[in-house]
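All of the numbers you see were taken from the coordinates with simple rules; none came from a lab. Every value quoted in this text rests on a predicted model; they were computed, and no experiment measured them. FYI the Cβ positions are ideal-geometry reconstructions off the backbone, even for glycines, and counts take in every protein chain you see.
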Amino acid sequence: ETGVTQSPTHLIKTRGQQVTLRCSSQSGHNTVSWYQQALGQGPQFIFQYYREEENGRGNFPPRFSGLQFPNYSSELNVNALELDDSALYLCASSADLYEQYFGPGTRLTVT
Amino acid sequence: SQKIEQNSEALNIQEGKTATLTCNYTNYSPAYLQWYRQDPGRGPVFLLLIRENEKEKRKERLKVTFDTTLKQSLFHITASQPADSATYLCALPMDSNYQLIWGAGTKLIIKP
């Protein structure tokens, strides 16, 4: 059984650019959630996908969008990057909507 | 809206002693509450879930309590070890769905 993986590990982008982050869920998990974690803070919920449909969204603007694929892998897309988007982006998969399994995260730096 | 408060100051504990971390929430009582461990540069790792009708839950050296009257959960690590040093986060569901909101975490340092 493989765990949750994320790519890339680190990324540096310029303000105004667009970025796509990827997540591969743990085998058998049909739900994926994305979080943004600023330094010294807890994760902030961005959105959740269940069987390819968005199942809820946090307080993030529309330039944060996502997809979940038939194999339950997922993407987070951020358009028009801002300096405040610099953070650790985490995805978490789950099978029962309770216990979430997190990936190692993608560290995004916007300059 | 629901808010979660965890001690922002790092907690320094001598090896072998019991570490106790606090999680307070402000509004409605959630159906459950979770505790996670996070090491630097890594994603959180699930530790324990406690439901609103459970007063206490244990797993090896870990114990969690849930007091819906005080709106508080306590997380205990007994016989603490330097390897227990990490940031510990509590999380609970938003309203009636399963999406989680998180505390900022408490950094625990176990000194040999």
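Structure above, values below:
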| quantity | calculated |
| --- | --- |
| Under 15 Å, Cβ to Cβ, from residue A:77 - net charge with Lys/Arg +1 and Asp/Glu -1 | 0 |
| Cα-based equivalent ellipsoid of region A:60-111: semi-axis lengths in Å, sorted from largest, via gyration tensor | 23, 14, 9 |
| When each of B:17/B:59; A:13/B:107; B:3/B:63; B:59/B:107; B:55/B:107 is checked by Cα-Cα distance, pairs over 27 Å | A:13/B:107 |
| FRET efficiency estimate (nearest 0.05) - Cβ-Cβ, residue A:98 to residue B:109, R0 35 angstrom | 0.75 |
| Peptide-level mean, for B:31-43, of C-beta atoms on other protein chains within 10 Å | 3 |
| Around residue B:16: net Lys/Arg minus Asp/Glu count, Cβ-Cβ under 14 Å | +1 |
| Of all DSSP beta bridges in the protein assembly as shown, antiparallel share, percent nearest 5 | 90 percent |
| Net charge dipole size for chain B [Lys, Arg +1 and Asp, Glu -1 on Cβ; Debye, nearest 20] | 200 debye |
| Karplus-derived HN-Hα couplings along region A:35-43 (A = 6.51, B = -1.76, C = 1.60, θ = phi - 60°), whole Hz, x at Gly and Pro | 9, 10, 10, 7, 4, x, 10, x, x |
| Long-range HN-HN contacts of residue A:30 with modeled amide H, under 5 Å | A:94 |
| Other-chain or far-sequence residues with amide H under 5 Å of residue B:101's (modelled H) | B:92, B:94 |
| Computed over region A:12-90, Cα set: Rg, Dmax in Å | 12.5, 37 |
| Table column - 3J(HN,Hα) (Hz), region A:73-84, Karplus curve with 6.51, -1.76, 1.60, x for Gly and Pro | 6, 8, 10, 10, 10, 10, 9, 6, 4, 10, 4, 5 |
| Positive-end extreme of charge dipole, the protein assembly as shown - chosen from B:99, A:68, A:38 (charges on Cβ) | A:38 |
